[in-house]
Amino acid sequence: MDRWKNKWYGKAAEQNYADAQNSLGYCYWSGQGVAKDYPEAAKWYRQAADQNDATAQANLAVCYHEGQGVPKDEVEAYAWHNLAVRTSEEAAKHRDALAETLSPKQVAEGKKRTEELRAQIEAKRKRDGK
């Protein structure tokens, strides 16, 4: 991916297009056309994830799991993977593998956090008229 494409991803991302936000996040995550910048990647993933983009939710979960761009938080990673499972078998595999490393209390916290995130996303969707 070259800088020209990143320019257009950036313009679309700033216009609140979730696909472009996720793609721009990936550019920062991987260093394609821009310097690697994990906090910037996580920022763009979060903006797309907040619009209920399942791919961005799974990508954000990886950020939390690895502690790159955001503080390492496996409960938060579980919650974001849990949101992404509706369209991604891969996210389900990651969530289930992560659940095996968590205590029952952490899994319960992750499920509660999933519902909190789902409610926030739905409220934002209604507020934005989508």
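No lab work stands behind these numbers, since they all come straight from the coordinates. Since this is a predicted model, take the numbers as computed values, not measurements. No Cβ is skipped: glycine too gets one built from the backbone with ideal geometry, and neighbour counts run over all protein chains shown.
Between (i) 13, 37, 23, 15, 9, 3, 0; (ii) 12, 38, 26, 13, 7, 3, 1; (iii) 15, 42, 32, 10, 1, which entry matches P(r) over Cα pairs in 10 Å bins from 0, in percent as derived from the coordinates of this structure?
Answer label, from the structure shown: (iii).
Report, to the nearest 10°, how far helix 3-14 tilts away from the longest principal axis of the Cα atoms in the chain, using its own Cα long axis and a range of 0 to 90°.
Once rounded, one gets 60 degrees.
Which of the peptides 37-49, 117-129, 94-106 is most tightly packed, and how do the rest follow, judged by the mean count of other Cβ atoms within 10 Å per residue?
Taking the mean over residues of other Cβ atoms within 10 Å, the ranking is 37-49, 94-106, 117-129.
Cut-off is 10 Å between beta-carbons; in what order do Cys27, Cys63 appear when sorted fewest neighbours first?
If I rank by nearby Cβ atoms, fewest first, I get Cys27, Cys63.
May I have the extent of the alpha carbons of segment 59-110 along their three principal axes, as whole Å values ordered from largest to smallest?
26, 25, 14
Per-residue ellipticity at 222 nm for the chain, helices alone: DSSP H runs ≥ 4 residues times -39500 (n - 2.57), over residue total, nearest 500 deg cm²/dmol?
Taking each H run of at least 4 residues, the total per residue is -24500 deg cm²/dmol.
Relative contact order of segment 3-127, please, whole-number percent, based on alpha carbon pairs below 8 angstrom and at least 6 residues apart.
Over segment 3-127, the number comes to 17 percent.
Going through the cross-link list Lys43/Lys72; Lys43/Lys93; Lys93/Lys126; Lys36/Lys111; Lys72/Lys93, which pairs have a Cα-Cα distance over 26 Å in this structure?
Lys93/Lys126; Lys36/Lys111
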